[in-house]
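> Structure in structure tokens, see below.
The values are calculated or read from the model by the stated rules, or taken from the named source; none is laboratory data. All figures in this text were calculated on a predicted structure; none of them were measured in a lab. So basically every Cβ, Gly included, is an ideal-geometry build from the backbone, and we count neighbours across all protein chains shown. Heads up: the accessible areas ignore ligands, DNA and RNA and are worked out on the full protein's heavy atoms, side chains in. Shrake-Rupley method; radii C 1.70, N 1.55, O 1.52, S 1.80 Å.
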Amino acid sequence: MLSARGVRKRFGELEVLRGIDLEVRCGEVLCVIGPSGSGKSTLLRCFNHLEKIDAGRIAVNGELIGYEPAGSGGATLRERRPKDIQRQRERIGMVFQRFHLFPHRTAVQNVMEGPVAVQGRGRAAAERQARELLHRVGLADRADHYPGQLSGGQQQRVAIARALAMEPTLMLFDEPTSALDPELVGEVLGVMRDLARSGMTMIVVTHEMGFAREVADRVVFMDQGAVVEAGHPDEVFTAPRHERTRAFLATVL
Ligand code: ADP
Ligand code: MG
């Protein structure tokens, strides 16, 4: 589903991604953990074309996102046509720490916006699908509420429904519960757990170690722009091989 090879990204002098290799199979749930500033968000943003990579290659659904011709040394990254980028991006759902809902639109209007505006779906069909998705995230009775009338956990569940409305084949989550009050974290993780069980391919950056342990097929520990360690959650959490992983886990577990 996703394959990254030698992905590099720098912001000026700062090398944020130093050659990332990563494979995610169809239906797999990958949790990415690591200290703040290690490049986790940047990596997700590269997967979704929100950042351009400097070198390496990323393929999603077998289609290249960034392409480094052999022997170019990363100097010439083949540009994707805007139309290709748009099409690829539509198939990748993204959920951020902040929900970014339109404040003057109801939950159902927020969810149907993408299908109507981007995919040109008819309003009636889009609304029907939006209500089904809101039902799926436990918000059938909040469909006509505005974001300001919803709790943070409810808003984040609307954001998940909104991402799903585009019928993505891959879902990226960047610390989706970090901005929530502790008592609201569980309802969002519950929706994500259901989504994982339904077979969705997911990459989840999270500090929720309990979730990672229970739901992830694989855990990746990143530090200073590199993948330090990757493996089954039981291995990474109970018998980490690297000192840096041990040190990080000691601070969060
Ligand atoms: P994480 O999500 O693991 O906390 P990030 O990917 O957000 O890490 O950031 C990695 C590093 O890149 C940090 O040092 C951050 O300050 C820097 N960084 C991220 N985005 C930018 C940007 N647009 N311009 C400059 N530096 C950035
Ligand atoms: Mg981040």
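> Counting only other residues whose beta carbon sits under 12 Å from that of Val188, what net charge do I get with K and R as +1, D and E as -1? Display every interim value, and only then the final one.
Values: positive: Arg157, Arg193; negative: Glu175, Asp181, Glu183, Glu187, Asp194, Glu208.
Net local charge, Val188 excluded: -4.
> Under unit Cβ charges (Lys, Arg +1; Asp, Glu -1), what dipole magnitude, rounded to 20 debye, does the chain have relative to its Cα centre?
About 780 debye.
> Among DSSP beta bridges lying fully in region 112-253, give the percent that are antiparallel, nearest 5. All intermediate terms of the calculation are to be shown ahead of the outcome.
Values: 5 of 10 bridges.
Expressed as a percentage, antiparallel bridges in region 112-253 total about 50.
> Can you tell me the 0 to 90 degree angle between the C-alpha axis of helix 243-252 and the longest principal axis of the chain, rounded to 10?
That works out to roughly 30 degrees.
> About the Cα centre, and with charges only on the beta carbon of Lys, Arg (+1) and Asp, Glu (-1), how big is the dipole of region 104-166? Nearest 20 debye, please. Could you put the intermediate results ahead of the total?
On the way: 9 positive and 5 negative charges, 19 e Å.
Once rounded to the nearest 20, the dipole reads 100 debye.
> Something else now. If we count GluC sites (Glu not before Pro) as exposed when they sit in a DSSP loop and have at most 16 other beta carbons within 10 Å, what is the longest stretch of the chain that avoids them all? Don't skip to the end; give the middle numbers.
On the way: sites that count: Glu13, Glu79.
Formally, the longest exposed-site-free interval is 80-253.
> Using the heavy atoms of the protein chains and a 1.4 angstrom probe, tell me the accessible area per residue for the chain in square angstrom. Spell out each step's value before the answer.
Numbers: 11820 Å² over 253 residues.
In whole numbers, the chain has 47 Å² accessible per residue.
> Per the Kirkwood formula on distinct C-alpha pairs, the Rh of the chain is how many angstrom?
18.9
> Leaving out ligands, DNA and RNA, what percent of the accessible area of the chain is carbon and sulfur, probe 1.4 Å?
On the way: 5730 of 11820 Å².
Its accessible area is 48 percent carbon and sulfur atoms.
> By how many degrees, between 0 and 90 and to the nearest 10, does the Cα long axis of helix 182-197 differ from the longest principal axis of the chain?
Value to nearest ten degrees: 80.
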